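First the structure, in the form of structure tokens, and then the observations on it.
Just so it is clear, none of the values below were taken in a lab; they were calculated from the coordinates. Please read all numbers here as calculations on a predicted model, not as lab measurements. A quick note on method: Cβ atoms are made from the backbone with ideal geometry, for glycine too, and the neighbour counts reach across all protein chains shown.
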Ligand SMILES: C[S@@+](CC[C@H](N)C(=O)[O-])C[C@H]1O[C@@H](n2cnc3c(N)ncnc32)[C@H](O)[C@@H]1O
């Protein structure tokens, strides 16, 4: 079987890929654009931060198709934002520009200057760190590390919003371990927020044991739950809290190893 992912159209009409390596879709087949907007922009508070013209730093786990980065550019241009945004991301298995050529994501935006952004990014990536400022009119810098997350030097990365967008814990275990979440803690600013589509107890336990405070809310497109985490408890105000101590106990009892 080819390692090249297959292109699909999700139910909201937007592209996604199916990975033949991880045997999983890159996004929710019910709608990739709708899911990304809900999980990473609306629930996280990134769309509010852009509307308020704040400067901030994002870290994304898994650049994949680049959809989240493209949506960030779209929100920024829509709100005529002029603040500084750094978007850090990591990708161990980058797609080729031929695969990216099939995406229709830009047609979900009214800004024609976004049409070639992903093609340009994917046509010129090297191993290690790639620093790209795709649009003159937007003070957004992409810091894209091509390699495994464990090999990224995180020392100088200070994050306000984490987009945890790895494949699921069953197939992409290394990105959902306590060691991974401990590294994210070391990168987090005081009021950092982390959102993920994932609601698995094992993933939540790995976050809880490393000091993340947890809450849950409605997931995208009919999914019952997603997870919201923060280093600052007050940032979870108004959300349904998850019992971190219970999860830590279950982790210590080995409940998730069976
Ligand atoms: C669900 S997809 C990401 C979706 C992406 N955010 C998007 O909008 O298209 C998960 C991504 O994580 C990458 N990945 C898996 N394991 C990794 C690792 N150890 N280090 C870095 N990237 C990894 C995969 O290659 C894949 O592109």
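Against the chain, whose longest principal axis comes from its Cα atoms, helix 178-187 is set at around 60 degrees. Taking the number of Cβ atoms within 10 Å of each Cβ as an exposure proxy, the fewest-first ranking of 179, 174 is 179, 174.
How big is the antiparallel share of DSSP beta bridges in the chain, given as a percent to the nearest 5? That works out to approximately 50 percent antiparallel. Helical runs (DSSP H, four residues minimum) scored at -39500 (n - 2.57) apiece and divided by the length of the chain put the mean residue ellipticity at 222 nm at -6000 deg cm²/dmol. Calculate log10 I(q)/I(0) of the chain for q = 0.12 Å⁻¹, where I(q) comes from the Debye formula with a single equal point scatterer on each Cα and nothing for solvent. These q points yield log10 I(q)/I(0) values of -0.68. From the Cα gyration tensor of segment 208-258, with a ≥ b ≥ c the square roots of its eigenvalues, which class applies: rounded if a/c is under 1.5, or else prolate if a/b is larger than b/c, or else oblate? Oblate is the answer for segment 208-258, as a/c is 1.5 or above yet b/c matches or exceeds a/b. Counting beta carbons within 10 Å around each of 7, 164, 143, 116 and listing the fewest first gives the order 116, 7, 143, 164.
Compared with the alpha-carbon gap, the fully stretched path from residue 153 to residue 256 is longer by 34.1 nm at 0.36 nm per residue. As a length-normalised measure over Cα pairs under 8 Å and 6 or more apart, the relative contact order of the chain settles at 16 percent. For the chain, the longest principal axis of the C-alpha atoms and the axis of helix 67-78 are separated by about 70°.
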